[in-house]
Structures are given as structure tokens and as C-alpha cells.
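*Asks:* Here's a structure for you.
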């Protein structure tokens, strides 16, 4: 009797062993497939990151180009600049907008100088949004009493800048102003 029980126990253990071995082989095959998929996923992630960097660079060049052009048109005797830093954290990318003067970052641009630099940069950012919008929007920019922080010495430069932006980018600008020195194009008095 002991021999029969021992045989049953050995058969059960052999069956358990074969089942465990098959499970181990199946798990190993799944691991190999998962490792292969991981390689493909990592390659796809690298491609996506490369494309994202190219898009970010293109966006930076287009936006920074317009903002720098506007800042240089008004404040050409000063060395103002603009750049965008793309900060990637936890799978998300934030764009940090930075104004510079003489290659140094302006820490608090709203309280730096008179705020005129921020007004011009804000105008340029709105123009950039119109130019780059998808689907393309009607290129219409409405300004209501703009350039309040701007000194009178820059009014002529602003008029020339607005004319140039309108001409170069096909933007229609409607500006409400009481300042006759800022009037340009067709003037309608109410």
C-alpha cells in the first residue's frame, strides 16, 4: 500500500513539475515578447522625442523671430531679445517665455523698465498666434488703446512696425486709439 501511495505522490509531483515547467516556459516566452515590445516602444519614444524637438525648434524660431523683430524695430538701440525654453517634466512639456537684454534674462519683465517692452512682446506674440494658427484663422488683430506704457519717442517706430506686420503677414489691424501719433492706414474718426 505504501508503494501505491508513494507512486501516486510521485505521479502528482511529476504532474505538478510538468505544469510548473510549462508555466515557466510560457512566462519566459512572454518575457521575451515583452522585451521585444519594450525595444520597439523605446525606439518609438525616441522618434517621438526627436519629432517633438524639431517642432519645438521650429515653433521657437518662428515665434522668437517675430518677437525679436518687433523688439528690434522699436528698441533698436537696446539689445532686447526673446527665447522660449521647453521644460520637460513628468511626461509633459511646458514653454517658458524669456525676455532678455544684453543676453541677460529679465527676471521680472512686467516691472522692468516701463512695461513698454512687454507691450511690444505681447503684440508680437499675438501676431505669432495668428500666423501659426491651425486651422488658419482670419488674420485680424484688434487693438484697444494699445501702447499705454510706450514713450512718445517710439510712436513713429510703432506705426512703421504695424504697417510692416500688416504688409508682411497679411494681417488686418483695427486699432482704437485717441493718440493721433499712432494712427496709420485708413483712419475712421468717431
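*Asks:* Ranking 175, 132 by Cβ neighbours within 10 Å, fewest first, what do you get?
*Replies:* Ranking 175, 132 by Cβ neighbours within 10 Å, fewest first, gives 132, 175.
*Asks:* Next question, about the same structure. If packing is taken as the mean number of other Cβ atoms within 10 Å per residue, what is the order of 120-129, 151-160, highest first?
*Replies:* Details: 120-129: 19.5, 151-160: 13.8.
Order by mean packing, descending: 120-129, 151-160.
*Asks:* Still on this model: Any idea what diffusion coefficient the stretch 48-145 gets from Stokes-Einstein, in µm²/s, Kirkwood Rh on alpha carbon pairs, 4 °C, 1.567 mPa s?
*Replies:* Rounded to a whole number, D works out at 88 µm²/s.
*Asks:* Between the alpha-carbon centers of the stretch 1-53 and the stretch 134-160, tell me the distance in whole angstrom.
*Replies:* Centre-to-centre distance over Cα atoms comes out at 66 Å.
*Asks:* Percent relative contact order of the stretch 1-147, based on C-alpha pairs within less than 8 angstrom and at least six residues apart?
*Replies:* Reported relative contact order: 15 percent.
*Asks:* Taking Cα atoms, how many degrees apart are the long axis of helix 155-169 and the longest axis of the chain, rounded to 10 and kept between 0 and 90?
*Replies:* The answer is roughly 50 degrees.
*Asks:* How much of the DSSP beta bridge set in the chain is antiparallel, as a percent to the nearest 5?
*Replies:* So the antiparallel bridges amount to about 70 percent of the total.
*Asks:* Can you work out the FRET efficiency for the pair residue 6 and residue 27, with r the C-beta to C-beta distance and R0 = 25 Å, to the nearest 0.05?
*Replies:* Here the calculated transfer efficiency is 0.20.
*Asks:* Could you work out, for the stretch 141-190, what percent of all Cα-Cα pairs fall into each 10 Å distance bin, beginning at 0 Å and stopping at the bin that holds the largest distance?
*Replies:* 25, 60, 15
*Asks:* Quote to one decimal, in nm, the extra length available between residue 15 and residue 40 on full extension: 0.36 nm per residue of separation minus the C-alpha distance between them.
*Replies:* Here the segment from residue 15 to residue 40 would lengthen by 5.2 nm.
*Asks:* Right, another one. Taking just the C-alpha trace of the stretch 1-106, give me its Rg and Dmax in Å.
*Replies:* 31.7, 107
Laboratory data are not the source of any read-out in this text; all were calculated from the coordinates shown. The shown structure was predicted, so the numbers you read here are calculated from the model rather than taken from an experiment. With ideal geometry, Cβ positions are generated from the backbone for all residues, glycine too; neighbour counts draw on all protein chains shown.
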